[in-house]
Amino acid sequence: MPPQIEWINEQQATGALSQTYEEWFSHNPERSEIPGILKCFSHRPDFLRDVITFSNRVHFTDGHLDRRTKERIATFVSALNKCRY
């Protein structure tokens, strides 16, 4: 199913969005593209940057649960919801 929210792909990104994408890739070199869940904020690069910062703090740092456990939970919930993310 195509995305319901129009977003700006990596190849079309310019200015602040291009810079935000480049920074994301520098922290995620194993990834070949920006996840759609992030691209849906591509028309607001300032907000996208905030979302990435918040997500990194909440999802990718250890707290009560380590990152591996959080990733397992996220994967399981996505599968239950039949979500590609």
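Read-outs: derived from the displayed coordinates by stated rules, not from any lab. Worth saying up front: this structure is predicted, and the values here are computed from it rather than measured. Neighbour counts run over all protein chains shown; Cβ positions are idealised from the backbone, glycine included.
Tell me, yes or no, whether segment 14-32 has at least one residue that is within 21 Å of Cys83 (Cα to Cα) and exposed (fewer than 12 other Cβ atoms within 10 Å of the Cβ). Checked against the condition, which is being within 21 Å of Cys83 (Cα to Cα) and exposed (fewer than 12 other Cβ atoms within 10 Å of the Cβ), segment 14-32 yields at least one hit.
Among the residues of this structure, Ile73 counts as one that is of a type outside the set (Gly, Ala, Ser), out of contact with any His (no Cβ under 6 Å at 6 or more places or on another chain) and over 24 Å from Ile5 (Cβ atoms). Please enumerate the residues belonging to segment 47-78 that are loosely packed, with under 11 Cβ neighbours inside 10 Å and under 14 Å from the mean Cα position of the chain (by Cα). Result: Thr53, Phe54, Arg57, Val58.
Listed by first and then second residue, the pairs linking a residue in segment 62-76 that is free of Cβ contacts under 8 Å to residues at least 24 places away in the same chain to a residue that is of a type outside the set (Asp, Glu) and surrounded by 10 or more Cβ atoms within 10 Å (Cβ to Cβ), with Cβ atoms under 7 Å apart and 6 or more places separating them unless they lie on different chains, are Arg67/Phe60; Lys70/His59.
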